[in-house]
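A.B. asks: What follows is a single structure, and I will ask about it in a moment.
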Amino acid sequence: MSTDTITTVAGAFVDGREHANAGDPLPITNPGIGEVFAEVPGGTPDDVDTAVGAAARALQEWSALAVSKRGEILGAAARHVESHLDELVPVLTREQGKTLRDSRIELTKAVDTLMHYVGLSKTLRGAHTPGLDPGVDGIVLRRPLGVVGAIVPWNFPTTLLCNKLAPALVAGNTVVAKPAGTTPLTTLRFAQLLAEGGLPAGVFNVVTGSGSVTGTALVRHPVVRKIAFTGSTPVGEQIMALAAPGMKRVTLELGGSDPMIICDDADLDAAASAASMGRFYNCGQACLAIKRVYVFDSVADEVIEQITAKAKRLKVGRGDVKGSQMGPLHTAAQRDEVAGQVQRTLDAGGTLLAGGGPPDDADLDSGFFYAPTVVADAPHDVPMATEEVFGPALPIWRVADLDEAIARANASPFGLGSSVWTRDLARARHAAERIEAGYTWINSRTKVYDELPFGGWKSSGYGKEHGIEAFDYYTETKSVVFGA
Ligand code: NDP
């Protein structure tokens, strides 16, 4: 592609308008064809400072509004975004790679999450404790934290943003977001649309750029009171350490390696469908995804056959081509990492049943594609078991019984999601109580609900997003005692 067809974007949205970042340009690549189509200057620490300043100035007025008024303003702005989904969907597909259908699902969910917290803004209640002592009672006040930094990865740029933005804004905070350096365009337009829809200037700001420069500057900024981060475990650990001075609050939604347990009494057709959807959706690039299957030996052949057939049937193609069911990986590096994890697992003794390389389609050669892959019967210490596989490759192991499956499931540093398939309620409960993870789905596909709190155990994170509980992570409480 010639450089005159590359679009240059200002790179930041600050105080209700575009702001030109001063850093070096970052290329934005279409993963379906491997070509750069835009450049976005990265944010410098000064650009971050400008955005944080705008958020700090907007804080007083925004936090002083009635909660329901904040909800009303956010709701109108969200509806304005919703009326522009047709414009946003192809932008997300072009920079992220996912299919147009999945971009629409993602963006619709992002708006739904905003509206969920708009709804909660009308129902928030507090605590009053009478009779602490004779004539003495207490109340618990809740106050916003202040300026919140939201750092978001590239796999779901808008839903992962709105999981933070919605409770933060309704609770009265203002926000500076940093999207991944490779997916800034949808987020910038999203911010612009929220402003057009009536969100006051400075309440939500975006500074794009690399994690090492822009992200670090946001985490270090002394005015920022909290960092809400979604991304990899190593970066989450760095952020937790960087946030320690001044006791900055953090919420860390990190990596996962979700186990799926299929018992011998399960609805095997439904379980195989859930495994295929849970692993190959978004080209396997999801934190909550089925990343390890443990199936009872007596039904393993049937389950493995069904999952393998589904993987082979999936139509892999460019996100913007009608009929594609699975798009490319987001970057060449991401594809190569998954290919390496699969290869090392095969070298250690796993059996390849589907995929294992690029799809057999010359039209896809220039994009970052990898065919849906199934590997069975590997040893238990292979990379596909011990590391997070962030791509369309599913390992399956046979187990003797539920207790072996639970032990295998828990033999991981991660504890994000998990699922169990059985018709036996006692087995389901036994597993749900013992699996070390923030979510367990029983006979249900791995879908995140705004109504339920979600957050990882162990190396998968710290703190909760979603649910009314999310407000706890964007507010400070104060106990006030009234004497006689
Ligand atoms: P990274 O941790 O590399 O990046 C995530 C975000 O953090 C990006 O915006 C990145 O910027 C930024 N960043 C990178 N380094 C720093 C730093 N030192 N200081 C501040 N910010 C930084 O994650 P990936 O991009 O690899 O994202 C995939 C990961 O996200 C997977 O491990 C996945 O499991 C996890 N994830 C977790 C979810 C959850 O809810 N638990 C949901 C979805 C994904 P840039 O990219 O520009 O460098």
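A.B. asks: Where nothing but the Cβ of Lys and Arg (+1) and of Asp and Glu (-1) is charged, how large is the charge dipole of the chain around its Cα centre, in debye to the nearest 20?
C.D. replies: 1220 debye
A.B. asks: Quick one: helix 159-170 against the long Cα principal axis of the chain, what's the angle to the nearest 10°, folded into 0 to 90?
C.D. replies: So the helix axis and the longest Cα principal axis differ by about 20 degrees.
A.B. asks: Among GLN192, ALA354, VAL91, whose Cα projects farthest towards the positive end of the dipole of the chain, with charges put on the beta-carbon of Lys, Arg (+1) and Asp, Glu (-1)?
C.D. replies: GLN192
A.B. asks: What do the square roots of 5 times the Cα gyration tensor eigenvalues come to for the chain, in whole Å, largest first, as semi-axes of the equivalent ellipsoid?
C.D. replies: Rounded to whole Å, the semi-axes are 38, 30, 19.
A.B. asks: I need the peptides 258-264, 444-450 ranked by packing, meaning the mean over residues of other C-beta atoms within 10 angstrom, with the highest value on top.
C.D. replies: 258-264, 444-450
A.B. asks: Moving on. Within the P(r) computed for the range 219-303, what percentage of the Cα pairs occupies the region above 16 Å?
C.D. replies: 62 percent
A.B. asks: What per residue convex hull volume, in Å³, do the alpha-carbon atoms of the range 1-110 yield?
C.D. replies: Enclosed volume per residue, from the Cα hull, is 119 Å³.
A.B. asks: Run lengths n ≥ 4 of DSSP H only: what is the helix-derived mean residue ellipticity at 222 nm for the chain, with -39500 (n - 2.57) per run over all residues, to the nearest 500?
C.D. replies: Theoretical 222 nm ellipticity from helices: -11500 deg cm²/dmol.
A.B. asks: For the range 384-467, what is the largest minus smallest coordinate of the Cα atoms on each principal axis, given in angstrom and ordered from greatest to least?
C.D. replies: 36, 30, 22
A.B. asks: What do you get for Rg/Rh over the range 322-369 if you use C-alpha atoms and the Kirkwood form of Rh?
C.D. replies: The Rg/Rh ratio comes out at 1.01.
A.B. asks: Dipole magnitude of the range 1-122 about its Cα centre, charges +1 at Lys/Arg Cβ and -1 at Asp/Glu Cβ only, in debye to the nearest 20?
C.D. replies: 680 debye
A.B. asks: Relative to the compact-globule scaling 2.2 N^0.38 Å, provide the ratio for the alpha-carbon radius of gyration of the range 55-116.
C.D. replies: In units of the globular-protein estimate, the range 55-116 measures up at 1.39.
A.B. asks: Further, regarding this structure: Would you mind checking LYS248/LYS291; LYS178/LYS464; LYS164/LYS322 for any pair whose Cα atoms are more than 26 angstrom apart?
C.D. replies: Long pairs (Cα-Cα over 26 Å): LYS248/LYS291; LYS164/LYS322.
A.B. asks: Can you give the three extents of the C-alpha atoms in the range 296-421 along their principal axes, from longest to shortest, in whole Å?
C.D. replies: Projected onto the principal axes, the Cα atoms of the range 296-421 cover 46, 28, 27 Å.
A.B. asks: Hey, another quick one. Where the centroid of each part is defined by its Cα atoms, how far is the range 162-218 from the range 304-326 in Å?
C.D. replies: Spelled out, the Cα-based centre of one part sits 34 Å from the other.
A.B. asks: Still on this structure, please answer the following. Restricting everything to alpha-carbon atoms, can you work out Rg to Rh for the range 221-270 with a Kirkwood hydrodynamic radius?
C.D. replies: My calculation of the ratio gives 1.34.
A.B. asks: Moving on. Taking every pair of Cα atoms in the range 146-211, average 1/r, invert it to obtain the Kirkwood radius, and report Rg/Rh to two decimals.
C.D. replies: Rounded to two decimals, Rg/Rh equals 0.93.
Since every read-out is calculated from the coordinates, none of them should be taken as a lab result. All values reported here derive from a predicted model rather than from experimental measurement. FYI the Cβ positions are ideal-geometry reconstructions off the backbone, even for glycines, and counts take in every protein chain you see.
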